[in-house]
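The values are calculated or read from the model by the stated rules, or taken from the named source; none is laboratory data. Please read all numbers here as calculations on a predicted model, not as lab measurements. For neighbour counting, all protein chains shown are included, and Cβ atoms are generated from backbone atoms with ideal geometry for every residue, glycine included. Calculation scope for accessible area: heavy atoms of the full protein, side chains included, ligands and nucleic acids excluded. Shrake-Rupley method; radii C 1.70, N 1.55, O 1.52, S 1.80 Å.
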Amino acid sequence: MKIIVNNKGADVELFEQGLENEWLRQLGEHGSRLTGPRRAIVHILARSQRALEPLELYEAVRRDAPGVGLVTVYRTLEALEELGLVQRIHESGGCRRYLRAPQGHQHVLLCTRCGQAELFDGDDLEPLFAQVAARWGYSVQDHWLQLFGLCPKCLAEAK
């Protein structure tokens, strides 16, 4: 399966390049060696429009860095997750896919067929969360929201 990277324009390209550089900086400060394979992993993850499984990421990275090992992919994903730069996608079959973490107060909309992911702002959901917290007497400290469905392309193909 081909990994599609964002190609929506120069502003997005600059954002993703900056994101990639920031991730590499943080990994270096975290004690990770910034090897060619690790840089290729970061490059693909920071630019991917899809939530990726580790094996799928491994195969994509091998095109640019043939010597990469699957262990390097898992260790890099683990380090990026520890730093809050990627997040696991929680699905009924487990948490096997990874996606760059939302920026600010965003949530995930994920196509269950092709893995296409969209991030959307979620500030308008705060009143609902406050209402639920008040009703049950909780002090909500964190949350994540992931919506699943079919993207426009997969929806059209399903018809």
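Of all residues in the range 86-124, how many are more than 12 Å from the chain's Cα centre (by Cα), open to solvent by less than 10 Å² (accessible area, probe 1.4 Å) and closer than 14 Å to Q49 by Cβ?
Summing the residues that are more than 12 Å from the chain's Cα centre (by Cα), open to solvent by less than 10 Å² (accessible area, probe 1.4 Å) and closer than 14 Å to Q49 by Cβ in the range 86-124 gives 1.
Is there any pair linking a residue in the range 93-105 that is within 16 Å of L77 (Cα to Cα) to one that is at pLDDT below 80 and small (G, A, S), with Cβ under 9 Å and at least six apart or on different chains, and which?
Taking only residues 6 or more apart or on different chains, the pairs are P102/G122.
Of all the residues that make up the range 107-145, how many are closer than 21 Å to G93 by Cβ and touching a His at 6+ places or on another chain (Cβ under 6 Å)?
Number of matching residues: 1.
Of the residues Q87, Q131, Q116, Q146, only one is of a type outside the set (A, V, I, L, M) and closer than 25 Å to Q26 by Cα; which? If you could, list the steps in order and put the result at the bottom.
Values: Q131 fails: closer than 25 Å to Q26 by Cα; Q116 fails: closer than 25 Å to Q26 by Cα; Q146 fails: closer than 25 Å to Q26 by Cα.
Within the list Q87, Q131, Q116, Q146, the selection yields Q87.
Given the conditions (1) at pLDDT 85 or above; (2) open to solvent by 20 Å² or more (accessible area, probe 1.4 Å); (3) of a type outside the set (D, E), report the number of the one that L14 does not fulfil.
Looking at each condition in turn, L14 falls short on (1).
Which condition number does A51 fail, the rest of (1) without any contact (Cβ under 8 Å) to a residue 60 or more places away in the chain; (2) out of contact with any helix residue (DSSP H, G or I) (no Cβ under 7 Å at 6 or more places or on another chain); (3) buried (at least 17 other Cβ atoms within 10 Å of the Cβ) being met?
(1)
Tell me the residue from R62, R135 that is out of contact with any Asp or Glu (no Cβ under 8 Å at 6 or more places or on another chain), more than 27 Å from E22 (Cβ to Cβ), without any contact (Cβ under 8 Å) to a residue 40 or more places away in the chain and open to solvent by 90 Å² or more (accessible area, probe 1.4 Å), please. Quick ask: steps written out before the conclusion?
Working: R62 fails: more than 27 Å from E22 (Cβ to Cβ).
Step by step, each of R62, R135 is checked, and only R135 is out of contact with any Asp or Glu (no Cβ under 8 Å at 6 or more places or on another chain), more than 27 Å from E22 (Cβ to Cβ), without any contact (Cβ under 8 Å) to a residue 40 or more places away in the chain and open to solvent by 90 Å² or more (accessible area, probe 1.4 Å).
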